[in-house]
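Have a look at the structure below before the remarks.
The values are calculated or read from the model by the stated rules, or taken from the named source; none is laboratory data. Keep in mind that what you see is a predicted model, and the values were worked out from it rather than measured. So basically every Cβ, Gly included, is an ideal-geometry build from the backbone, and we count neighbours across all protein chains shown.
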Amino acid sequence: MSSMAVNVDRLGKKFEIGAARSSNDTLRDAIVSGIKAPFRRLQGTQDSNTNDFWALRDINFDVAHGEVVGLVGRNGAGKSTLLKILSRITEPTEGRAVINGRIGSLLEVGTGFHPELTGRENIFLNGAILGMRRTEITRKFDEIVAFAEIEKFLDTPVKRYSSGMYVRLAFAVAAHLEPEILLVDEVLAVGDAAFQKKCLGKMSDVAGEGRTVLFVSHNMTAVQSLCHRAVWLDGGGVREIGTAQKIVQGYLQTAAVSTAEQVWDDPETAPGNDKVTLQSVRVIPQNGVAFDDLNVNTPLDLQFAFYNKQPDVELNFSIIVHNLEDVCIMNVVSPAKRYDAGLVTGVCHIPPGLLNDATYRVRLLVVQDTSVALLDAPDILMFEVKDVEREGNWYGKWPGAVRPNLEWTVTYRE
């Protein structure tokens with residue numbers, strides 16, 4: 001067996017925007033193309049007027065057997081396209097990807113499932129797609145069902161499953177049927193906080209068993225805790241490859257300024273679920289200080305707003321702040337109160353003289369009955385706190401996770 005589970009060599013994937021039908025098009029693509037053809041001729045649009053878009057270009061890296069590698073990058077960087085090529089869902093335009101081992105993929109909710117079949121039947125179908133024998137699937141069957149928590153709905157067609165049930169079953173099948181190489185995309189974000197924690201624990205177990213994992217996620221804490229190395233994709237190319245900690249720090253530092261504020265005008269695309277949906281999050285310096293001048297003496301407001309979709313529910317909020325070394329600086333919890341359905345806004349005030357100079361990541365949780373996390377939004381904000389000029393002759397890095405300006409009492413006796 002090759003020492004490498006995955007070898008990616010000069011890989012590229014080109015899409016043609018507005019391109020003519022190719023030999024790989026589906027029947028649906030052919031029908032749609034035929035319907036559109038007269039309108040293209042009327043508009044004088046020719047297929048030669050296409051634009052080439054390279055989703056990936058000149059990608060090179062190796063993954064050893066038993067290694068856990070994270071893929072990080074902004075939306076549109078090419079992460080999902082790369083996993084689809086490795087899963088043989090789509091073909092590369094140039095270069096090659098050599099896979100040595102049986103692959104299990106969890107790329108989109110319900111990939112490899114037939115909506116008319118029951119949960120039980122889809123377990124056997126998905127196992128067969130993975131190349132498993134029936135005896136192997138039967139041996140793991142009870143464990144898969146228990147992990148997915150769908151016992152009552154096992155003989156119900158999966159088209160009637162909620163998105164949460166769908167993804168629980170999909171992950172359970174992909175993780176338990178012992179693929180030698182497991183590819184996992186950001187689909188885990190569909191589940192609730194408890195399910196995400198359960199899945200991350202299972203992936204840790206899979207990695208501990210010596211199997212290979214490629215993990216795409218915007219949860220940088222998960223990438224650092226699970227992965228040995230990371231590949232940073234940027235604009236369809238490899239920007240950097242290194243240890244997970246080094247790559248995550250570099251990636252977060254480039255993203256820090258751009259995530260001091262996030263606003264979701266369309267609730268359909270906002271983070272959330274059927275109980276709560278985010279509307280906005282912001283880091284705002286107090287006293288009219290410009291964001292670029294934020295320093296250790298600047299008081300801050302962490303503001304958030306979300307739509308509560310439940311009437312008469314008890315909620316509280318938790319803001320957890322980490323630095324780029326993944327040290328938890330603080331976990332601030334609000335008092336619990338009852339809220340009706342509607343827009344809820346909140347502000348957490350951070351006094352001056354508390355934070356050290358560093359780049360910080362903010363995680364927001366909305367909690368019901370002080371125990372159930374309705375929304376868990378990791379790395380939802382990032383901001384940098386700068387140092388200030390100091391008196392004296394020492395200008396080194398100030399040690400410590402925090403830098404509180406505390407009162408002193410000093411006495412002297414002759």
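Kindly indicate whether any position in segment 209-226 is charged (D, E, K, R), farther than 30 Å from G131 by Cα and either crowded, with 21+ Cβ neighbours inside 10 Å or assigned by TED's automatic domain parsing to the domain that holds K84 (or both). No: zero hits. I'd like to check something: does segment 195-213 contain any residue that is of a type in the set (A, V, I, L, M), part of a strand (DSSP E or B), under 30 Å from T359 (Cα atoms) and at pLDDT 80 or above? Yes, because at least one residue in segment 195-213 is of a type in the set (A, V, I, L, M), part of a strand (DSSP E or B), under 30 Å from T359 (Cα atoms) and at pLDDT 80 or above. So which residues in segment 349-359 are within 25 Å of E407 (Cβ to Cβ) and in a strand (DSSP E or B)? Result: H349, I350, L355, A358. Annotation: A128 fulfils all but one of (1) in contact (Cβ under 8 Å) with a residue 12 or more places away in the chain; (2) over 24 Å from the mean Cα position of the chain (by Cα); (3) surrounded by fewer than 20 Cβ atoms within 10 Å (Cβ to Cβ); the unmet one is (1). Picking from residues in segment 296-335 that are of a type in the set (G, A, S) and part of a strand (DSSP E or B), the one that is nearest to L252 (Cα to Cα) is S318.
Scanning segment 372-414 for residues that are free of Cβ contacts under 8 Å to residues at least 60 places away in the same chain, among the acidic types (D, E) and assigned to a strand (DSSP E or B) yields no hits at all.
Results for (1) among the charged types (D, E, K, R); (2) over 25 Å from I284 (Cβ atoms); (3) out of contact with any Ser or Thr (no Cβ under 9 Å at 6 or more places or on another chain), shown as yes or no for each residue.
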position: D379; (1), (2), (3): yes, no, no
position: D387; (1), (2), (3): yes, no, yes
position: P399; (1), (2), (3): no, yes, yes
position: E407; (1), (2), (3): yes, yes, yes
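Scanning segment 251-263 turns up no residue that is within 30 Å of N126 (Cβ to Cβ), of a type in the set (F, W, Y) and modelled with pLDDT of 80 or more.
Screening V289 on (1) aliphatic (A, V, I, L, M); (2) at pLDDT below 80; (3) under 18 Å from the mean Cα position of the chain (by Cα) shows it passes everything except condition (3). For segment 96-113, taking the residues that are of a type in the set (A, V, I, L, M, F, W, C) and at pLDDT 75 or above, the one that is nearest to Y166 (Cα to Cα) is identified as F113.
Of all residues in segment 257-279, exactly one satisfies the criterion of being touching a Lys or Arg at 6+ places or on another chain (Cβ under 9 Å), over 21 Å from D340 (Cα atoms) and part of a loop (DSSP other than H, G, I, E, B), namely A260. Under the condition of being without any contact (Cβ under 8 Å) to a residue 60 or more places away in the chain and not in a loop (DSSP other than H, G, I, E, B), the residues counted in segment 336-348 number 9.
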